[in-house]
Amino acid sequence: MSSQPAPALPATIDAVEALLAQGDYVADRALATSLFLALKMGRPLFLEGEAGVGKTEIAKVLATTLNRRLVRLQCYEGLDLASAVYEWNYPRQMLEIRLAEAAGEQDRNKIAQDIFSRDFLIERPLLQALQADENGAAPVLLIDELDRTDEPFEAYLLEVLSDFQVSVPELGTIKAASAPIVIITSNRTREIHDALKRRCLYYWVDYPDAERELAILKRKVPGAPARLSQEIVRFVQHLRNEELFKLPGVAETIDWTRALSFLDKVALDPETIDNTLGVLLKYQDDIAKMQGSEAAALLRQVQQELAGLGS
Ligand SMILES: Nc1ncnc2c1ncn2[C@@H]1O[C@H](COP(=O)(O)OP(=O)(O)O)[C@@H](O)[C@H]1O
Ligand SMILES: [Mg+2]
C-alpha cells in the first residue's frame, strides 16, 4: 500500500507483543509466541475461536504495524475459484475480439494470445497476495472464516499455501517472489481438515481473562469511567459462565462500554442493564433468561467482588 519501507519482522516475542500493542491489540504471551514462530518459520497461523475474540483483528493490526497491504479473502459457502483466485474478464475479451475483427485481424492465434494476457485477468485475493507491495514487502493475507467454505476449496487452498503459486492454464504459473504472511481464522462451525492444519501453526484464541479484557477496554474505549469498565468486565466474565446460546465476545464488551458511556453512565444499575442487554446478547432467549432478577443478582455479585478488592 505504501512506498515507505516495511519495518523488519519482529526479532523476539517481546517485539511481537510491542508491535501488537502499537496497534492497540492486547495479546497474551502464548499468542505472541505463536505469532512470533509463524513469522519466523514462514508458516501460516491458524487461529480458531468463538466469534468476537479478536482473530480477524490480528491480521489487520499486523498489516498496519508492519506497513504491508492487507489482502482479505472472506470465505462463504459456495466460494469458488473465480471469486478467490482469478477469472477472465469475458466482456472485455469479447469487446477486444470485435475490435480486432473490425480492424481486419484474421489471425485467430494472435487474437487468442492477446485476450489471454495478464491485462484481461481479474485478480482475486489469492492471486493478489502473490504480489509484493510497492515497497517490495509481501502482503498480509487474511483468509477469514475458513470454516464457511467447503472441503474442495480447502484442498485447493492447501495447494496454494504449499508453494505460493497459482497456475493459470492459458498463462502459465504465477509464483510469489516472497511468500505473504498468512493468517487463517475459523469460528469452528465445522472442523478444518488435518492436512491444512498441518501446514499451519495453530492457536486457540480464548476469551480474555478479566485483567486482559480490562486492558483491552482501556485501549479501545479510553474515555470510559474506570469504575464502569471494571463492572462491565466482571459482569461479562460472569455472563460467560452462564448457559447461553451465544456468549458475548470482546467485541460485545467494547460495544457495551461505548453504549453505556454514550448514556453517561459511571456505574452499572439493574435498570440500565435490562435496557441495554441487546448490545451484549443477540438472542432473545438469552436476553429473556438474563433480564430482571438474574442480571440484578449478577450485578450484586460484581459489586461485592469489587468492594472486596477495595475499589
Ligand atoms: N486482544 C484484543 N486487543 C484489542 N482488541 C481486541 C482484542 N480482542 C478483540 N478485540 C476487539 O474486538 C473486536 C472483535 O474482534 P474480531 O477480530 O473481529 O473478532 P473475531 O474475528 O475473533 O470474530 C474488534 O473490534 C477488536 O478490536
Ligand atoms: Mg473475524
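Read-outs throughout are calculated quantities, based only on the coordinates presented, and are distinct from any laboratory measurement. Keep in mind it's a predicted model, so treat the numbers as computed, not measured. Neighbour counts are summed over all protein chains in view; Cβ atoms, including those assigned to glycine, are modelled from backbone coordinates with ideal geometry.
The dipole here belongs to the chain: it is taken about the Cα centre, uses +1 on the Cβ of Lys and Arg and -1 on the Cβ of Asp and Glu, and is about 740 debye.
Taking every DSSP beta bridge that has both ends in the chain, the antiparallel portion is near 30%. Among GLY23, SER3, THR185, which residue has its Cα positioned farthest towards the positive end of the charge dipole of the chain, with +1 placed on the Cβ of Lys and Arg, -1 on the Cβ of Asp and Glu, and the dipole taken about the Cα centre? Projecting each Cα onto the dipole axis, the largest value belongs to SER3.
Amide hydrogen proximity for PHE46: with H placed 1.01 Å from N in the peptide plane, the residues at 5 or more positions away or on another chain lying under 5 Å are ILE184, LEU201, TYR202, TYR203. Residues of the range 266-290 with amide nitrogen under 14 Å from the 7 Å Cα-to-Cβ point of LYS246? Within reach of a label on LYS246: 278-288. Build a GNM of the chain with springs between Cα atoms under 10 Å apart, and of PHE245, PHE46, PHE153 the one that fluctuates most is PHE245. How large is the helix-only mean residue ellipticity at 222 nm for the chain, computed as the sum of -39500 (n - 2.57) over DSSP H runs with n ≥ 4, divided by its residue count, in deg cm²/dmol to the nearest 500? Value at 222 nm, helices only: -14500 deg cm²/dmol. The angle between the Cα long axis of helix 226-239 and the longest principal axis of the Cα atoms of the chain comes to about 80 degrees, rounded to the nearest 10. Using DSSP to call loops (not H, G, I, E or B), can you name the GluC sites (Glu not before Pro) in the range 133-205 whose Cβ has at most 11 other Cβ atoms within 10 angstrom? Within the range 133-205, the qualifying GluC sites (Glu not before Pro) (loop, at most 11 other Cβ atoms within 10 Å) are GLU134, GLU191. Summing charges over neighbours of VAL205, with a neighbour being any other residue whose Cβ is under 11 Å away from its Cβ, gives -3 when K and R count +1 and D and E count -1. For the chain, averaging the sequence separation of C-alpha pairs within contact (under 8 Å, six or more residues apart) and dividing by the residue count gives a relative contact order of 21 percent. Considering only ALA32, ALA295, ALA195, the mean-square fluctuation computed in a Gaussian network model of the chain, springs between alpha carbons under 10 angstrom, is largest for ALA195. Working from Cα positions, state the angle (0 to 90°, nearest 10) between the long axis of helix 90-102 and the longest principal axis of the chain. Orientation of helix 90-102: about 20 degrees from the principal axis. For TYR283 and ASN67, the FRET efficiency from 1/(1 + (r/R0)^6), where r spans their Cβ atoms and R0 equals 41 Å, is about 0.55.
To the nearest ten degrees, helix 13-22 and the longest principal axis of the Cα atoms of the chain are 80 degrees apart.
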